[in-house]
1. Restricting the search to region 172-181, which residues are closer than 17 Å to Phe150 by Cβ and in contact (Cβ under 8 Å) with a residue 60 or more places away in the chain?
2. Look at Thr80 and say whether it is buried (at least 21 other Cβ atoms within 10 Å of the Cβ) and either free of Cβ contacts under 8 Å to residues at least 24 places away in the same chain or touching a Gly at 6+ places or on another chain (Cβ under 7 Å) (or both).
3. For region 169-190, what are the residues that are surrounded by fewer than 16 Cβ atoms within 10 Å (Cβ to Cβ) and under 30 Å from Asn286 (Cβ atoms)?
4. Being closer than 20 Å to Ile229 by Cβ, buried (at least 21 other Cβ atoms within 10 Å of the Cβ) and not hydroxyl-bearing (Ser, Thr, Tyr) is true for just one of Val104, Val143, Val120. Which residue is that?
5. Which ones in region 85-141 are under 30 Å from Leu156 (Cα atoms) and of a type in the set (Lys, Arg)?
6. Does region 153-168 contain any residue that is touching a Lys or Arg at 6+ places or on another chain (Cβ under 7 Å), surrounded by 14 or more Cβ atoms within 10 Å (Cβ to Cβ) and not polar (S, T, N, Q)?
Amino acid sequence: MNPYTKPISISKLVSNNNLEFAHSISPQNKLFDLKLKEIWRYRDLLVLFVRRDFVSKYKQTILGPAWFFIQPLFQTIMFTFIFGNVAGLSTDGAPKGIFYLAGVTSWNYFANCLRTTSNVFTVNANLFGKVYFPRAVIPISIVISNLIQFAIGMVLFLIVYAYYIIIGTNIQPNITLLLFPLLVIMMGVMGLGLGMLVSAMTTKYRDMQYLIQFGIQLLMYATPVIYPISAIPQKYQWVIMANPMSGIIEVFKYSFLSTGSISWPLLTYSAIFTVLIFIFGLMVFNKTEKNFMDTV
């Protein structure tokens, strides 16, 4: 049996005490079949992949999980020095350190999800060639393992956040903090949808894996990570608002710092884009899994 195709369904017909077998061959992969039920049946495998991804990431490193704290901390220090002190970019009155750390923490989760799911087919070609399981299990497991990394990064953010409150800095959470779980889901699902789409394209065009690495770095500067939208001249703000991550980052900062502004239309646009790109990305991913071994 070909491991890349689903078994054909066989129905038994009983006629005149004789058994007749009729083979019913159904489409292997419908365009609008997202295979969500099949993915749920393989949830135990999903858990194993999550554990593998998280444990293997820093298993043979000296500092281990400490890198989850070191990376965003050093990014924040560099952004504070370069963009806060040298360039003098506005932070809408928020302390520079916590402002940049909020942007880095939220952006890194999305960027890691996009980057690590964008080469699923090429990296796991050997595994896919040996056994059948829903291929979407692997990118979903990557997003969940990145969620654990994000949670660790949030611990650092909350420690720094508590420090600024203790020293009497004028920052405080507000009611929009209730949207925090939704924001996290949107960041992960958007990164997953875009990553699966790019992964499907990478099977034919290997240049995409290099382009995505470069593109993520550029996209960060088109997202209000190191600046608020209010700091952009009015005639150019539409460019930043066209980025679906802008609304999420802005609300994330606003909910913790109460600085800047919140745009419900912009957040709604981000939510709609997230749903559409996830559905489209999963459709293309499932369609590509049928014959990707011929091109990888």
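1. Of everything in region 172-181, those that are closer than 17 Å to Phe150 by Cβ and in contact (Cβ under 8 Å) with a residue 60 or more places away in the chain turn out to be Leu177, Leu179, Phe180.
2. Taking the combined requirement at face value, the residue does not satisfy it.
3. Answer for region 169-190, where residues must be surrounded by fewer than 16 Cβ atoms within 10 Å (Cβ to Cβ) and under 30 Å from Asn286 (Cβ atoms): Pro181, Leu182, Ile185.
4. Only one candidate qualifies: Val104.
5. Within region 85-141, Lys96, Arg115 meet the criteria.
6. No; the residues of region 153-168 include none that is touching a Lys or Arg at 6+ places or on another chain (Cβ under 7 Å), surrounded by 14 or more Cβ atoms within 10 Å (Cβ to Cβ) and not polar (S, T, N, Q).
Each row is one residue, and each column tells you yes or no for (1) of a type in the set (Ser, Thr, Tyr); (2) part of a helix (DSSP H, G or I); (3) modelled with pLDDT of 85 or more; (4) at positive phi.
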| residue | (1), (2), (3), (4) |
| --- | --- |
| Glu20 | no, no, no, no |
| Gln28 | no, no, no, no |
| Leu45 | no, yes, yes, no |
| Leu48 | no, yes, yes, no |
| Lys59 | no, no, no, no |
| Trp67 | no, yes, no, no |
| Asn85 | no, yes, yes, no |
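The values are calculated or read from the model by the stated rules, or taken from the named source; none is laboratory data. Keep in mind that this is a model prediction, so the values were computed, not measured. No Cβ is skipped: glycine too gets one built from the backbone with ideal geometry, and neighbour counts run over all protein chains shown.
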